[in-house]
Structure formats: structure tokens, C-alpha cells
Amino acid sequence: MFIETAPPPEKQLTIQDTFRFDCHQGLSCFNTCCRNKHLPLTPYDVLRLRRNLNLHSDVFLDRYTLYRTDPQSGFPVVLLRMSDGADGRCPFLGVEGCKVYADRPTACRLYPLCRVSGYASGSGRLEAFFYMLDPPQCLGRQENRVWTVGTWHTGQGLDPYSAMNDRMLELIFHPRRASGKGLDERQLQKVLVACYNLDIFREFVFSTGFLDRFEVPVNVRECIAGDDTALLDLGLAFLRKALFPPD
Ligand code: SF4
Ligand code: SF4
């Protein structure tokens, strides 16, 4: 999760801390929670979901997301669009649970934890910690299965998500981003395309002089033709230069 205000130290969990949780179909709360959520999607979340659904990224964004601009950073915030109906359900919620489970977003994998990362003001290093979400209606917290934060993180397949999400944070919290100054419209469009709309970014990269201008090595050119993660990697590197050019 991209937030800059840390919860109080006593609420922060380290990778070794333990908690009790289990979620299964035998609980009366099963399938009641994936509704009315403010669910931000990171670029890597979008990459995985649209690949799961085998949709063009433009179609995925149009059909399943909403977009806002973060008032502090000026960066886009892409949200999963919940149903307009009374129950506000997630479009991927099925009778037996999540229909995109293998590629569910970061926030869904983390739950009941929340991961906070950002640059520490003292050390200037990117740091992350966790804290527990504890909504009373979630009966999973009363189950007896015990996890460490670390085993939960790895077991939920979060390692590649956190790695890519932190790459995005390096942009958002870049030391040369003037505080209080948001992105202008052109910069905003660059971020939206290079991070979230990867099919359009791929078309742009291969149909303009981008590869030569940006001196993309031949082996990377071969990779990005079919590998979305490599393309997102390139997109993030491109944005770093485009938004914060060297003096
Ligand atoms: S245990 Fe919690 S996460 Fe699982 S279905 Fe119930 S409310 Fe949702
Ligand atoms: S993506 Fe899956 S786990 Fe996440 S809110 Fe939707 S149905 Fe629930």
C-alpha cells in the first residue's frame, strides 16, 4: 500500500511476528468481504489480472478500473471498479470465492495484513513494515492457524508483487520530486501508459524510434516483445529518466 503516514510503532509488525488467521468456505463470513472495497491496483496487479483474463490492457482498464489522481504525488491511483449494484461486489467474486485467485491483487493477497513502504526520512532508504487489519466481521482472525508475517508473505506469492510495487514507489517518492508539485498532464499520461496500459506501451515502443532513442539493448528488445514483466521494467526505467532527467 502506498501511504506516507506510518501507523504508531506499537502496531507495526516485523517479518518474524506471528498472527492467527485462516479463511475457508466453512466460515459464515465466507464471500461476504469482497464488496464495497476501495481496492487500489498497482501496475503489477493490473499486469497479472489482465493476463489472467486474457484481455488487451486498454480493455481491462476500461472495463474493470476507475482512476483518480493522488492529491499529494500527482500520480494516478487505479482502483478496481466494484459493482454499481446494492451489494457493491467485486467483479471477480464467484460462488466458490475469487475467480482470479492465482492473479489476485496485492491487497487481497496481503489481507489480513497491510504492507506500508516508503522512504524513511532519517536513512533515506526504502523501508517496509506490516500491520494487522482487524475488521470485526472477519471470523478468520478467530481461527487457530498461526503464521509469521514472513511465511504469510511468501506463501501468498507476494514476493514478486512487493518487488515490483517497490519499484513504483521509487518513482513516487523519488528524491527529486518537488514536494507539493504534482505531475503535469503529459507526465500523467506517460505514467498511465508505461505502467498500466502495457499493450499500448508495447505498440508505442515498437512503432516509434523509442528503442534507439532510449538505447534499449538487443536482448531486452527480444524480451519485451512477449514478456509483460520485462516491459513494465522498461516502462519504470523510462519514467525514471522522463520524469527526473539527469542534469
Ligand atoms: S475469513 Fe475474513 S477474509 Fe475470509 S471470507 Fe471471512 S471475512 Fe473474508
Ligand atoms: S480480486 Fe478476488 S480476492 Fe480480491 S476482492 Fe475481488 S474476489 Fe476478492
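Restricting attention to the range 75-97, the residues that are closer than 26 Å to L192 by Cβ and loosely packed, with under 13 Cβ neighbours inside 10 Å total 2. For the range 101-124, check the following and say yes or no: at least one residue is at pLDDT 95 or above, touching a Ser or Thr at 6+ places or on another chain (Cβ under 6 Å), away from ligand 2 (no atom under 11 Å from the Cβ) and of a type in the set (V, I, T). Looking through the range 101-124, none of the residues is at pLDDT 95 or above, touching a Ser or Thr at 6+ places or on another chain (Cβ under 6 Å), away from ligand 2 (no atom under 11 Å from the Cβ) and of a type in the set (V, I, T).
The selection criterion, being free of Cβ contacts under 8 Å to residues at least 40 places away in the same chain and surrounded by 11 or more Cβ atoms within 10 Å (Cβ to Cβ), holds for Y101.
Checked against (1) assigned to a loop (DSSP other than H, G, I, E, B); (2) away from ligand 1 (no atom under 14 Å from the Cβ); (3) within 16 Å of the chain's Cα centre (by Cα), K37 passes all but a single condition, namely (2).
Can you find a residue in the range 213-220 that is among the basic types (K, R), free of Cβ contacts under 8 Å to residues at least 12 places away in the same chain and part of a helix (DSSP H, G or I)? Break it down stepwise before answering.
Within the range 213-220, the subset among the basic types (K, R) is 213.
When the remaining residues are screened for being free of Cβ contacts under 8 Å to residues at least 12 places away in the same chain, the result is 213.
Okay, now just the ones that are also part of a helix (DSSP H, G or I), so 213.
Scanning the range 213-220, I find at least one residue that is among the basic types (K, R), free of Cβ contacts under 8 Å to residues at least 12 places away in the same chain and part of a helix (DSSP H, G or I), so the answer is yes.
Would you say L55 is of a type outside the set (D, E), buried (at least 17 other Cβ atoms within 10 Å of the Cβ), within 16 Å of ligand 2 (Cβ to nearest atom) and not assigned by TED's automatic domain parsing to the domain that holds L234? Criteria not met by L55.
The values are calculated or read from the model by the stated rules, or taken from the named source; none is laboratory data. Not measured: the values here are computed from a predicted model. Glycine gets a Cβ as well: all are built from the backbone with ideal geometry, and neighbour counts include every protein chain shown.
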